[in-house]
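What follows is a set of notes on a single structure, which appears directly below.
The values are calculated or read from the model by the stated rules, or taken from the named source; none is laboratory data. All values derive from a computational prediction rather than experimental measurement. When we count neighbours, we look across all protein chains shown, and the Cβ atoms used for this are built from the backbone with ideal geometry, even at glycine.
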Amino acid sequence: MVTVNDTLEIPRGAPTSRSFSQPFWDGTKEKKLKIQFDKSVGKFQWLPRATSRFTGRKSVLEWREVKGEGEIFSFTLVHRARPPFQGKEPFFIAVATLPEGVQIMANTVGITAEEMKVGLEVKPYWHPLPDGYHMLMWQKA
């Protein structure tokens, strides 16, 4: 049996946001997942961008709150890492697909090696950061 670290004890700084990602980070203060929606094509996009990945226009984007529940699309069990994660291995990094059609990569919390699989249902875990922000991580739904 492999014991998986959840990496919660690793100190992390507050995010350095850009003007186009600030609404995402502001949402984390209230433990809300907000992602960009392109009104002209009716699709969500992730990562936050200054312009739509579909049209290249800025004026068509708005921020919408989503539940953040989804399922594991892909994952890796990290056995070798660089600081500050070095010495905290192994830990999971997982990509979850949300119903809105976006995929978000994050660390996991409380998912054992035996439980982790493609299709595992997950939901957000909000890890506190300095200045009231939270980092999105995945936990079992």
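Among the residues that make up the stretch 97-112, is at least one of them surrounded by fewer than 15 Cβ atoms within 10 Å (Cβ to Cβ), hydroxyl-bearing (Ser, Thr, Tyr) and part of a loop (DSSP other than H, G, I, E, B)? Working first, answer last.
Looking only at the stretch 97-112, we keep the residues that are surrounded by fewer than 15 Cβ atoms within 10 Å (Cβ to Cβ), and these are 99, 101, 103, 110, 112.
Right, trim to hydroxyl-bearing (Ser, Thr, Tyr) and you get 112.
Subsequent filtering for residues that are part of a loop (DSSP other than H, G, I, E, B) retains 112.
Yes, the conditions are met somewhere in the stretch 97-112.
Report the residue count in the stretch 21-33 for those that are surrounded by 19 or more Cβ atoms within 10 Å (Cβ to Cβ) and in contact with a helix residue (DSSP H, G or I) (Cβ under 8 Å, 6 or more places away or on another chain).
Of the residues in that region, 1 qualify.
Give the number of residues within the stretch 65-112 that are farther than 25 Å from residue 2 by Cα and among the acidic types (Asp, Glu).
Total meeting the criteria: 3.
Is there a residue being surrounded by 16 or more Cβ atoms within 10 Å (Cβ to Cβ), closer than 17 Å to residue 120 by Cα and among the hydrophobic types (A, V, I, L, M, F, W, C) anywhere in the stretch 55-72?
Yes, the stretch 55-72 contains a residue that is surrounded by 16 or more Cβ atoms within 10 Å (Cβ to Cβ), closer than 17 Å to residue 120 by Cα and among the hydrophobic types (A, V, I, L, M, F, W, C).
Of the conditions (1) free of Cβ contacts under 8 Å to residues at least 12 places away in the same chain; (2) touching a Phe, Trp or Tyr at 6+ places or on another chain (Cβ under 8 Å); (3) not β-branched (Val, Ile, Thr), residue 38 satisfies every one except a single condition; which number is it?
Among (1) free of Cβ contacts under 8 Å to residues at least 12 places away in the same chain; (2) touching a Phe, Trp or Tyr at 6+ places or on another chain (Cβ under 8 Å); (3) not β-branched (Val, Ile, Thr), residue 38 violates only (1).
For the stretch 18-39, give me each residue that is under 28 Å from residue 77 (Cα atoms) and either in contact with a Ser or Thr (Cβ under 6 Å, 6 or more places away or on another chain) or assigned by TED's automatic domain parsing to the domain that holds residue 126 (or both).
25
Just to be sure I understand the filter: pairs with C-beta atoms under 9 Å, separated by 6 or more residues or on different chains, first member in the stretch 84-96 and more than 25 Å from residue 33 (Cβ to Cβ), second member surrounded by fewer than 16 Cβ atoms within 10 Å (Cβ to Cβ) and hydroxyl-bearing (Ser, Thr, Tyr). Which pairs pass?
Sorted first by the residue in the stretch 84-96, then by its partner, the pairs are 90/3.
Residues of the stretch 41-92 being touching a Phe, Trp or Tyr at 6+ places or on another chain (Cβ under 8 Å) and hydroxyl-bearing (Ser, Thr, Tyr), which ones?
We begin by selecting, within the stretch 41-92, every residue touching a Phe, Trp or Tyr at 6+ places or on another chain (Cβ under 8 Å); these are 41, 43-45, 48-50, 61-64, 66, 72, 75-78, 81, 85, 91-92.
Matches in the stretch 41-92: 76 only.
Which of the residues belonging to the stretch 34-54 are of a type in the set (Gly, Ala, Ser) and buried (at least 16 other Cβ atoms within 10 Å of the Cβ)? Please lay out each step first, then the result.
If we filter the stretch 34-54 for residues that are of a type in the set (Gly, Ala, Ser), which is where we start, we get 40, 42, 50, 52.
Hit for the stretch 34-54 is 52, nothing else.
Which condition from (1) farther than 14 Å from residue 100 by Cβ; (2) not assigned by TED's automatic domain parsing to the domain that holds residue 108 is the one that residue 43 breaks?
Failed condition: (1).
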